[in-house]
Amino acid sequence: MTDGREAANVSLDNVTADAVVGGLGEGFALMNPVLDQAMLAVAADALGAMESLNTQTLEYLKTRKQFGTHIGSFQALQHRMVDMFAACENTKSLLYRAVCALDAGNEDAQRSLLALKVMVGRAGRKIGGEGIQMHGGMGMTEELSVGSYVKRLMIANTLFGDADYQQQRFSALVNAEEQEPAAVAAA
């Protein structure tokens with residue numbers, strides 16, 4: 001894959017099933033809890049990449065000099081670092097919320113998971129882009145791990161549906177939940 005991890009396409013020909021888990025047509029419902037856990041794992045991995053990018057970028061700003069001073073002293077870059085930090089912290093909060101909601105079996109667990117996936121995509125794009133830019137483009141070279149983390153965040157966004165797709169799912173879920181009380185009240 002783009003980030004160096006391996007992937008495969010599997011095709012099965014002339015396969016017969018002697019034993020079926022669940023009934024016919026129930027496979028996706030059985031897979032949903034596994035997919036939810038996989039999305040949490042990918043989000044946790046992405047959060048680690050975001051935190052590492054923040055740390056590396058902050059360290060670079062403290063050591064790189066331009067015009068005789070450390071570039072970390074420039075207010076514009078400080079503001080951008082704060083935005084990166086906030087995006088990372090928001091992702092961490094949503095990850096905690098989603099983990100707790102799924103573990104407890106809360107009714108809003110799916111909503112929390114979808115919100116997390118949207119945040120991972122958007123925050124990852126922001127943090128990755130800022131990290132590359134603040135490293136002066138050096139972030140995409142093989143010399144620094146910044147580019148590897150950015151690629152990892154790109155893959156995290158696309159796995160199980162990107163942020164835009166998950167935003168649509170989130171909106172549909174919220175709209176369906178809003179319609180339920182109205183339908184019950186009308187009945």
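Filtering the stretch 148-187 down to residues that are of a type in the set (G, A, S), at pLDDT 90 or above and in a helix (DSSP H, G or I), which residue is farthest from L58 (Cα to Cα)? Spell out how you get there, then give the answer.
The first filter runs over the stretch 148-187 and keeps only residues of a type in the set (G, A, S), leaving 148, 156, 161, 163, 171-172, 176, 182-183, 185-187.
With the extra rule that they be at pLDDT 90 or above, the set shrinks to 148, 156, 161, 163, 171-172.
Filter once more, keeping what is in a helix (DSSP H, G or I): 148, 156, 163, 171-172.
Working: S148: 17, A156: 23, A163: 26, S171: 35, A172: 39 Å.
Here the answer is A172.
Taking first residues from the stretch 21-36 that are in contact (Cβ under 8 Å) with a residue 60 or more places away in the chain and partners that are surrounded by 10 or more Cβ atoms within 10 Å (Cβ to Cβ), the Cβ contacts under 9 Å between residues at least 6 apart in sequence or on separate chains come to L35/F160; D36/A98; D36/L102; D36/A109; D36/Q110; D36/L113.
Here is a list: T16, T63. Which entry is within 20 Å of G137 (Cβ to Cβ) and out of contact with any Leu (no Cβ under 6 Å at 6 or more places or on another chain)?
Working: T16 fails: within 20 Å of G137 (Cβ to Cβ).
Matching residue, one of T16, T63: T63.
Comparison of A123, A156 shows that the only residue that is more than 21 Å from Q78 (Cα to Cα) and buried (at least 16 other Cβ atoms within 10 Å of the Cβ) is A156.
Can you tell me which of A101, A38, A86, A109 is aliphatic (A, V, I, L, M) and either closer than 20 Å to I127 by Cβ or loosely packed, with under 11 Cβ neighbours inside 10 Å (or both)? Write out each step before concluding.
Numbers: A101 fails: either closer than 20 Å to I127 by Cβ or loosely packed, with under 11 Cβ neighbours inside 10 Å (or both); A38 fails: either closer than 20 Å to I127 by Cβ or loosely packed, with under 11 Cβ neighbours inside 10 Å (or both); A109 fails: either closer than 20 Å to I127 by Cβ or loosely packed, with under 11 Cβ neighbours inside 10 Å (or both).
Within the list A101, A38, A86, A109, the selection yields A86.
Could you figure out which of (1) touching a Cys at 6+ places or on another chain (Cβ under 9 Å); (2) not in a helix (DSSP H, G or I) isn't true of E143? Tallying (1) touching a Cys at 6+ places or on another chain (Cβ under 9 Å); (2) not in a helix (DSSP H, G or I), E143 fails exactly one: (1). Checked against the criterion of being surrounded by 11 or more Cβ atoms within 10 Å (Cβ to Cβ) and in a helix (DSSP H, G or I), the candidates A46, A29 yield just one match: A46.
Of all the criteria given as (1) within 16 Å of Y149 (Cβ to Cβ); (2) free of Cβ contacts under 8 Å to residues at least 60 places away in the same chain, the one not satisfied by V82 is (1).
Could you check the stretch 87-142 and list, in sequence order, the residues that are among the small types (G, A, S) and under 10 Å from the mean Cα position of the chain (by Cα)?
If the condition is that a residue be among the small types (G, A, S) and under 10 Å from the mean Cα position of the chain (by Cα), then A115, G121, A123, G124 are the ones that fit.
Every listed requirement among (1) farther than 15 Å from D36 by Cα; (2) of a type in the set (A, V, I, L, M); (3) surrounded by 21 or more Cβ atoms within 10 Å (Cβ to Cβ) is met by L114 save one, (1).
Matching residues to (1) closer than 28 Å to L102 by Cα; (2) aliphatic (A, V, I, L, M); (3) modelled with pLDDT of 85 or more:
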residue	(1), (2), (3)
M1	no, yes, no
G25	yes, no, no
A49	yes, yes, yes
L58	no, yes, yes
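Does Q66 count as among the polar types (S, T, N, Q) and either under 28 Å from the mean Cα position of the chain (by Cα) or closer than 24 Å to R122 by Cα (or both)?
Values: among the polar types (S, T, N, Q): yes; either under 28 Å from the mean Cα position of the chain (by Cα) or closer than 24 Å to R122 by Cα (or both): no.
Taking the combined requirement at face value, the residue does not satisfy it.
With respect to the conditions (1) more than 18 Å from G4 (Cα to Cα); (2) surrounded by fewer than 24 Cβ atoms within 10 Å (Cβ to Cβ), V146 lacks only one, and its number is (1).
Is the stretch 122-130 home to any residue that is under 21 Å from N32 (Cβ atoms), basic (K, R), modelled with pLDDT of 90 or more and part of a helix (DSSP H, G or I)? No; the residues of the stretch 122-130 include none that is under 21 Å from N32 (Cβ atoms), basic (K, R), modelled with pLDDT of 90 or more and part of a helix (DSSP H, G or I).
The values are calculated or read from the model by the stated rules, or taken from the named source; none is laboratory data. Quick caveat, the model's predicted, so the values are computed rather than measured. Note: ideal-geometry Cβ built from the backbone for every residue, glycine included; neighbour counts use all protein chains shown.
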